[in-house]
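*Asks:* Dropping a structure here in structure tokens format, bear with me for questions.
The values are calculated or read from the model by the stated rules, or taken from the named source; none is laboratory data. It should be emphasised that the depicted structure is a prediction, and the values quoted were computed from it without experimental measurement. Here the Cβ positions follow ideal geometry from the backbone for every residue, glycine too, while neighbour counts run over all protein chains shown. Side chains included, ligands, DNA and RNA excluded: accessible areas come from the protein's heavy atoms. Shrake-Rupley method; radii C 1.70, N 1.55, O 1.52, S 1.80 Å.
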Amino acid sequence: MDLLSLADVQAARELLTGIATRTPLIESRPLSEITGVPTWLKCENQQRAGSYKVRGAYTRIARLSDAERKRGVVAASAGNHAQGVALAAGLLGARATVFMPEGAPLPKVTATRGYGAAIEYAGTSVDDALDAAHQFAAETGAVLIHPFDHPDVIAGQGTVGLEILEQLPEAATIVTATGGGGLISGLAVAAKALRPDIRIVGVQASGAAAFPPSLAAGAPVKLERGVTIADGIAVLRPGDLTFAHVSKLVDEIVTVTDEDLSAALLVLLERHKMVVEPAGGAAVAALLTGACVATPGGPVVAILSGGNIDPMLLMRVIEHGLASAGRFLRLAVHCDDRPGALARLLGEIADQRANVVDIAHSRQSPRLSFGEAEVALSVETRGPDHSAALISALRGSGYRVDPLSY
């Protein structure tokens, strides 16, 4: 299978002039301290429609004939490709229909509809939606705009790599989230052509990581299921074309857990004031955990691939990230069921300078003895040492304390 060339990516950039935003590349002091090398963030979360996807979608639709565009386009996506296709189709005067899995994030659905696309729901995964989009294309004549497995899409996504090496020519490692493989394929084409020595690393969510078994098998392998908060990279099977690029041009594929992703989003929010979605923080998660080790001495670039996160999910992710960092506790505390007992418990917590976020008081649990009450608490602390000190102090005062999971 023929791979794309640098000329293909450069031609896509010409098409995207005035369409795609040249996104910032900013240095991250906190990440630089952790990795031991200068670490930079490529902010595709600030791209039009909130992710890099418009680059590939516009390139693909712009290269259709007038007759093809009149037939309309169809796509399948959990949200970012949907928005990219909807925006690009609107700019180019094509009617767009997008199939999304049930449960796709509401803000992504709303934004896609806001760009003018018609929304249809199909199945519970991007792969299910893609099957429905293929059927729709066959029945209606609409042109399928594949989320990753097409030369024009790969070429458009590859323009991210051109920008990075123009902004930071000495970059030694580029790390990016990887789902079906469109971004990392285009990125690798451009970067390896300009800098053969550069290292390209892809990051997948461990609950939906199709590339490791595919690379081991020597061909694309479809996972039976994928479970992750990173809906943007929850793809069950790599594309044939993207697999060919990844297997020949990408140096390493690593995985991170949902807990790692939550912690990365918290770091980006707190230390960089950056709002990203779980998939968008995958590269940072890999650097924070050491799943990806930067090339010694050379700068590393982590691509923030998207920023389209449901505010409700963001709230849960922040809470989960705080818990993973030891700064948010849920406790069940047994105390006497008599007047003043709850006030005394809260006083003990206040003495330890911890902050109660919410509280539930129960007398009916079968775990309780007669005359005993259970108090379920969510508490903010300053970190693992403070959390341990709080639990120790409560137990030292005679309370039975059971940490609760999330």
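*Asks:* Largest first, what is the accessible-area ranking of Y52, Y115 with a 1.4 Å probe? Please report the intermediate quantities before stating the final value.
*Replies:* On the way: Y52 30, Y115 85 Å².
Accessible-area ranking of Y52, Y115, largest first: Y115, Y52.
*Asks:* Would any residue of region 333-362 have its amide N under 11 Å from a label point 7 Å out along Cα→Cβ of L404? List them or say none.
*Replies:* Answer for this model: 333, 358-362.
*Asks:* Describe numerically, in nm with one decimal, the distance between label points set 7 Å from Cα along Cα→Cβ at I26 and at Q10.
*Replies:* 3.2 nm
*Asks:* Run the numbers for A216 and T17: contour at 0.36 nm per residue of separation, minus the present Cα-Cα distance, in nm. Spell out each step's value before the answer.
*Replies:* On the way: separation 199, 0.36 × 199 = 71.64 nm, distance 3.89 nm.
Working it through step by step, the gained length comes to 67.7 nm.
*Asks:* Starting from the amide H of V73, placed 1.01 Å from N in the peptide plane, find each other amide H under 5 Å away whose residue is 5 or more places distant or on another chain.
*Replies:* Amide H neighbours of V73: R95, A96, T97, V143.
*Asks:* What's the Cα-based Rg to Rh of region 1-116, Rh via Kirkwood?
*Replies:* Numbers: Rg = 16.7 Å, Rh = 15.8 Å.
We get a ratio of 1.06 for region 1-116.
*Asks:* Among DSSP beta bridges lying fully in the chain, give the percent that are antiparallel, nearest 5.
*Replies:* Numbers: 24 of 52 bridges.
Close to 45 percent.
*Asks:* Here's another thing I want to ask about it. Can you tell me how much longer the chain between S392 and K273 gets when fully stretched, taken as 0.36 nm per residue apart minus their C-alpha distance, in nm with one decimal? Walk me through the numbers before you get to the answer.
*Replies:* Numbers: separation 119, 0.36 × 119 = 42.84 nm, distance 3.43 nm.
Separation in residues times 0.36 nm, less the Cα-Cα distance, equals 39.4 nm.
*Asks:* Structure shown: which of K108/K192; K42/K192; K70/K222; K70/K108 lie over 22 Å apart, alpha-carbon to alpha-carbon?
*Replies:* Details: K108/K192 33 Å; K42/K192 18 Å; K70/K222 34 Å; K70/K108 25 Å.
Where the Cα-Cα span goes over 22 Å, the pairs concerned are K108/K192; K70/K222; K70/K108.
*Asks:* Let me spell out the model: positive unit charges on the Cβ of Lys and Arg, negative unit charges on the Cβ of Asp and Glu, origin at the Cα centre of the chain. What dipole size does that give, in debye rounded to 20? Before the final figure, lay out the partial values.
*Replies:* On the way: 35 positive and 42 negative charges, 112 e Å.
Charge dipole, the chain, about its Cα centre: 540 debye, nearest 20.
*Asks:* Hey, another quick one. With every protein chain present, what accessible area does S369 have (1.4 Å probe, heavy atoms only), rounded to the nearest 10 Å²?
*Replies:* 80 Å²
*Asks:* So between T140 and E33, what do we pick up on full extension, going 0.36 nm a residue minus the alpha carbon distance?
*Replies:* Numbers: separation 107, 0.36 × 107 = 38.52 nm, distance 5.44 nm.
Gain on extension, T140 to E33, equals 33.1 nm.
*Asks:* Let me have the relative contact order for region 311-393, percent, based on Cα pairs under 8 Å that are six or more residues apart. Before the final figure, lay out each step's value.
*Replies:* Numbers: 111 pairs, mean separation 32.9, N = 83.
Across region 311-393, relative contact order equals 40 percent.
*Asks:* Would you mind getting me the FRET efficiency between A360 and D131? Use the beta-carbon distance for r and R0 = 41 Å, nearest 0.05. All intermediate terms of the calculation are to be shown ahead of the outcome.
*Replies:* On the way: r = 44 Å, r/R0 = 1.08.
For A360 and D131, the calculated efficiency is 0.40.
*Asks:* Can you list the aspartates and glutamates whose alpha carbon is less than 18 Å from that of K248, not counting same-chain residues fewer than 8 positions off?
*Replies:* Partners within reach: D2, D8, D149, D197, D240.
*Asks:* Can you work out the accessible area per residue across the chain, with the rest of the protein chains kept in place, probe 1.4 Å, in square angstrom?
*Replies:* Numbers: 16630 Å² over 406 residues.
Here the per-residue accessible area is 41 Å².
*Asks:* Ok, one more. Just going by the charge dipole of the chain, with Lys and Arg at +1 and Asp and Glu at -1 on Cβ, which of Q157, L287, G239 is farthest out on the positive end?
*Replies:* Of the listed residues, the answer is Q157.
*Asks:* Also, quick follow-up: Can you give the FRET efficiency to the nearest 0.05 for D336 and E120, using r as the Cβ-Cβ distance and R₀ = 51 Å?
*Replies:* Numbers: r = 58 Å, r/R0 = 1.14.
Efficiency, rounded to the nearest 0.05: 0.30.
*Asks:* I would also like to ask the following. Which order do the peptides 127-135, 302-310 come out in when sorted by mean C-beta neighbours inside 10 angstrom, highest first? Walk me through the intermediate numbers first.
*Replies:* On the way: 127-135: 19.6, 302-310: 27.2.
Result, highest mean first: 302-310, 127-135.
*Asks:* Can you check what the net charge comes to around P220, using other residues whose Cβ is under 10 Å from the Cβ of P220 (Lys, Arg +1; Asp, Glu -1)?
*Replies:* Numbers: positive: K222, R237; negative: D149, D240.
After counting each charged neighbour, the total is 0.
*Asks:* Given a 1.4 Å probe and every protein chain left where it sits, what share in percent of the accessible area of the chain is carbon and sulfur? Could the numbers behind the result be given before it?
*Replies:* Details: 8540 of 16630 Å².
Ligands and nucleic acids excluded, carbon and sulfur reach 51 percent.
*Asks:* Which order, highest average first, do 323-334, 167-178 follow once you tally other Cβ atoms within 10 Å for each residue and take the mean per peptide? Write out the running numbers ahead of the final one.
*Replies:* Values: 323-334: 18.6, 167-178: 22.7.
The packing order, highest mean first, is 167-178, 323-334.
*Asks:* Something else now. If you take Cα extents along the principal axes in Å from the coordinates, which of (1) 61, 59, 39; (2) 103, 68, 42; (3) 79, 51, 41 do you get?
*Replies:* The value computed from this structure is option (3).
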